[in-house]
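Working notes, beginning with the structure itself.
Bear in mind that the values in this text are calculations on the coordinates, not laboratory data. Keep in mind the model is a prediction, meaning the values are calculated, not measured. With ideal geometry, Cβ positions are generated from the backbone for all residues, glycine too; neighbour counts draw on all protein chains shown.
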Amino acid sequence: MKQLDAVGMVCPGLFMVIKMFIQTLDMGEKAHIVTTAPEAEDRLNRLKEAYKLEVVYHKVKAQHHFLVTKGIEVAE
């Protein structure tokens, strides 16, 4: 599983780094993204439809953890 450690990064750079990271994933591939930016959840939600992402969010203290799977049909 690929991992992106974006701890300490802030937007707008964080959004671009996450977007470029997701573009490197193959369909069906899972990845773990860690950040300290609270706006990361909103940024990932914006990318969900475009990349057909399934996103599982979990917060541990100041860190935001996202388990992302690319290429999944998301139910509305």
- Percent RCO, i.e. relative contact order, over the chain, from Cα pairs under 8 Å lying at least 6 residues apart: 34 percent
- Rounded to the nearest 500, the 222 nm mean residue ellipticity computed for the chain from DSSP H runs (n ≥ 4, each -39500 (n - 2.57)) alone is -9500 deg cm²/dmol
- Using alpha carbons only: equivalent-ellipsoid semi-axes of the chain, gyration tensor based, whole Å: 19, 12, 12
- Query: What is the fewest-to-most order of HIS65, HIS58 by other Cβ atoms lying within 10 Å of their Cβ?
  - Reply: HIS58, HIS65
- Distance in nm between pseudo-label sites at VAL10 and HIS32 (7 Å out along the Cβ direction from Cα): 2.7 nm
- In nm, to one decimal, how far is the modelled label at LYS2 from the one at GLN23, with both set 7 Å along Cα→Cβ? 1.1 nm
- Item | DSSP bridge orientation in the chain - percent antiparallel, rounded to nearest 5 | 75 percent
- Could you size up the charge dipole of the chain around its Cα centre, putting +1 on the beta carbon of Lys and Arg and -1 on that of Asp and Glu, and report it in debye to the nearest 20? 180 debye
